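*Asks:* Okay, here's the structure, questions in a sec.
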Amino acid sequence: MDISQLAHRGGVNTYTDNLTREFSKFKDLEMIYFYSSLRKPYKGNLKNVKKYRLPPTLFEMLFNRWRNVNIEKFIGPLDIFHSSDWTQPPAKAKKITTFHDLIPIKYPEWSHPKIVAVHKRRLYLVEREIDMVIAVSESTKKDLLEVSSIPEEKITVIYEAQTADFRPKSKEKQNAFRKKYGLPEKYVLAIGGIGERRNLERIREASKDYNLVIAGQTIPWLSIGELQLLYASASVLLYCSIYEGFGLPIVDCFACGVPVVTSDVSSMPEIAGDGAIYANPRNVSDMKEKLKMVMEDEGLRKDLIKKGFKQVKKFSWKKAARETAEVYRRLTQ
C-alpha cells in the first residue's frame with residue numbers, strides 16, 4: 001500500500017493513518033508499505049515500510065508517465081498493490097485504488113492546472129488497469145460512474161470514519177481551550193479550504209449574526225487533540241460545502257456532541273442521515289434560517305445531538321479495514 005499521503009495534511013492522511021493502524025491488528029494480513037517524501041521522513045510505527053527520500057513529482061513522472069519501472073522494484077513481490085490518490089504505478093500484482101473525491105476531474109476550476117493534469121493521467125491509467133476501486137461513499141461512486149469508464153462491478157463503497165476517537169469534552173476543558181485561543185463562549189464553526197468548494201463566502205454571510213470561527217483561517221490548523229476541543233467547544237458546525245467525497249467533520253462533530261447544519265447535495269445527506277439539518281449551499285437565506293433554528297431552539301439542538309451520536313456509530317475504521325481486507329482476499333482467490 002502506498003502511504004506517501006501521510007506526509008501531508010487532510011482527509012487522505014486521515015484515511016491512510018487510520019486504515020493502516022487497523023491493518024496492523026490483523027494477524028493474517030501481511031502488508032508492505034511504500035512511502036516517498038523529500039521533506040518529511042516517515043516517523044510512524046508501521047512495520048515493513050520501504051522509505052524513499054525523493055520528491056513525489058519524480059514518482060508521478062516515473063509511474064504515471066514513463067511507466068518503465070514496476071512498483072515491485074521498490075518494495076518486492078506482491079499479490080496486490082493499493083495505490084494512493086496521486087500515482088498509479090505499473091505492477092505485476094492486482095491493483096486497487098481508493099477515490100476520496102473527484103474534485104480535479106469534476107470541478108477542475110477549483111484545482112491548480114498541474115493537479116488536474118496529474119489526476120487526469122492517473123484516471124486514464126485506472127480505467128485501463130485497475131482491478132478494483134474503493135469509493136468512500138455512494139456519492140463518490142456515482143461521480144466515478146459519471147466521469148469515467150470504470151464499470152460499476154469494479155467499484156466497492158467502503159465508508160471512512162472519525163478522524164480519531166473524538167468524544168464530548170468537559171466544560172472546564174472547553175473553557176480552557178477557548179481562553180487559550182481567545183474564542184467566544186458561543187461560536188459557529190466552519191472548516192477552511194482552498195477555492196470555492198467550502199463555500200466560505202456564503203457561510204460568512206449566513207452566520208454574520210453570530211461569532212464565526214473558521215478552522216485554518218481565524219484559528220490555525222490544530223493537532224488532533226486540540227481539533228477535538230475546537231469541535232467540542234462549538235455551538236454548531238456549519239458545513240455547507242458545495243461538494244465533498246465523504247465529509248469527515250460531520251462525523252467528527254457528531255461524536256463530539258455538536259449539532260450540524262450541512263448541505264443537501266453531494267455526499268453530505270448520505271453521511272449525516274437524519275442527524276443533521278440540511279440547507280441549500282447556494283442559498284444564503286436558507287443557510288441563515290437553518291442556522292438560526294439550531295442556534296436558538298434548545299429542543300432541536302438536543303434532538304440533533306442525540307441523533308448525531310446514533311448516526312456516527314454507523315462508521316468505524318475497524319469496519320473499513322475489515323471490508324478493505326475482504327476486497328484484498330477476493331482478488332487473490
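*Asks:* Kindly indicate whether any position in the stretch 46-55 is within 30 Å of Arg198 (Cα to Cα), surrounded by fewer than 19 Cβ atoms within 10 Å (Cβ to Cβ) and at pLDDT below 95.
*Replies:* yes
Residue-wise test of (1) part of a loop (DSSP other than H, G, I, E, B); (2) over 24 Å from Phe254 (Cβ atoms); (3) more than 18 Å from the chain's Cα centre (by Cα).
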site	(1), (2), (3)
His119	no, yes, no
Leu123	no, yes, yes
Gln174	no, no, yes
Glu196	yes, yes, no
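*Asks:* Based on what the data block shows, is Val294 surrounded by 19 or more Cβ atoms within 10 Å (Cβ to Cβ), of a type in the set (Val, Ile, Thr) and over 30 Å from Thr16 (Cβ atoms)?
*Replies:* Against the criterion (surrounded by 19 or more Cβ atoms within 10 Å (Cβ to Cβ), of a type in the set (Val, Ile, Thr) and over 30 Å from Thr16 (Cβ atoms)), Val294 qualifies.
*Asks:* I've got another one for you. For the stretch 38-59, indicate whether the set of residues that are farther than 28 Å from Ser223 by Cα, of a type outside the set (D, E, K, R) and more than 17 Å from the chain's Cα centre (by Cα) is non-empty.
*Replies:* yes
*Asks:* Let me ask something else about it. Search the stretch 147-172 for residues being free of Cβ contacts under 8 Å to residues at least 40 places away in the same chain and assigned to a helix (DSSP H, G or I), and hand back the single one that is nearest to Ala91 (Cα to Cα).
*Replies:* Lys154
*Asks:* Right, another one. Specify which of the listed residues (Arg128, Arg198, Arg202) is without any contact (Cβ under 8 Å) to a residue 40 or more places away in the chain, under 21 Å from Lys106 (Cβ atoms) and of a type outside the set (Asp, Glu).
*Replies:* Arg128
Okay, residues lined up against (1) more than 15 Å from Pro56 (Cα to Cα); (2) touching a Pro at 6+ places or on another chain (Cβ under 6 Å); (3) not assigned by TED's automatic domain parsing to the domain that holds Ser223:
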| position | (1), (2), (3) |
| --- | --- |
| His8 | no, no, yes |
| Gly11 | yes, no, yes |
| Asp17 | yes, no, yes |
| Thr20 | yes, no, yes |
| Phe23 | yes, no, yes |
| Leu29 | yes, no, yes |
| Tyr33 | yes, no, yes |
| Leu38 | no, yes, yes |
| Pro41 | no, no, yes |
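*Asks:* Answer with yes or no whether Leu145 is buried (at least 17 other Cβ atoms within 10 Å of the Cβ), modelled with pLDDT of 95 or more and either within 20 Å of the chain's Cα centre (by Cα) or aliphatic (A, V, I, L, M) (or both).
*Replies:* No; evaluated as a whole, the condition is false for this residue.
*Asks:* Can you work out which of the residues in the stretch 27-68 that are assigned to a loop (DSSP other than H, G, I, E, B) and touching a helix residue (DSSP H, G or I) at 6+ places or on another chain (Cβ under 6 Å) is nearest to Lys114 (Cα to Cα)?
*Replies:* Among those that are assigned to a loop (DSSP other than H, G, I, E, B) and touching a helix residue (DSSP H, G or I) at 6+ places or on another chain (Cβ under 6 Å), it is Ser37.
*Asks:* Also, quick follow-up: Give me the residue from the stretch 75-99 that is modelled with pLDDT of 95 or more and either in a helix (DSSP H, G or I) or among the aromatic types (Phe, Trp, Tyr) (or both) and, out of that set, nearest to the chain's Cα centre (by Cα).
*Replies:* Phe99
*Asks:* Now, a different point. Please work out which one of (1) free of Cβ contacts under 8 Å to residues at least 60 places away in the same chain; (2) surrounded by 12 or more Cβ atoms within 10 Å (Cβ to Cβ) is the condition Gly76 fails and give its number.
*Replies:* (2)
*Asks:* Still on this structure: Looking at the stretch 149-200 only, could you name the residues that are in contact with a strand residue (DSSP E or B) (Cβ under 7 Å, 6 or more places away or on another chain), over 23 Å from Thr98 (Cα atoms) and surrounded by fewer than 17 Cβ atoms within 10 Å (Cβ to Cβ)?
*Replies:* Result: Tyr181, Gly192.
*Asks:* What tally of residues in the stretch 297-313 results from selecting those that are buried (at least 18 other Cβ atoms within 10 Å of the Cβ) and not charged (D, E, K, R)?
*Replies:* Count: 5.
*Asks:* Conditions first: (1) surrounded by fewer than 24 Cβ atoms within 10 Å (Cβ to Cβ); (2) under 28 Å from Lys313 (Cβ atoms). Ser263 passes all but one, so which condition is the exception?
*Replies:* For Ser263, the exception is condition (1).
*Asks:* Given the conditions (1) in contact (Cβ under 8 Å) with a residue 40 or more places away in the chain; (2) closer than 17 Å to Ile134 by Cβ, report the number of the one that Ala93 does not fulfil.
*Replies:* All conditions are met except number (1).
*Asks:* Which residue pairs have Cβ atoms under 6 Å apart, sit 6 or more places apart or on different chains, and have a first residue in the stretch 27-42 that is surrounded by 12 or more Cβ atoms within 10 Å (Cβ to Cβ) and a second that is part of a strand (DSSP E or B) and among the hydroxyl-bearing types (Ser, Thr, Tyr)?
*Replies:* Ser36/Tyr52; Tyr42/Tyr35
*Asks:* A follow-up question, please. List pairs: first in the stretch 100-113 and in a loop (DSSP other than H, G, I, E, B), second aromatic (Phe, Trp, Tyr) and surrounded by 18 or more Cβ atoms within 10 Å (Cβ to Cβ), Cβ under 8 Å, 6+ apart or cross-chain?
*Replies:* Note: pairs meeting the criteria are His100/Tyr15; His100/Phe246; Asp101/Tyr243; Asp101/Phe246; Tyr107/Tyr243.
The values are calculated or read from the model by the stated rules, or taken from the named source; none is laboratory data. Because the structure is predicted, anything quoted here is derived from the model rather than measured. Reconstructed Cβ throughout: ideal geometry from the backbone, glycine too, with neighbour counts over all protein chains shown.
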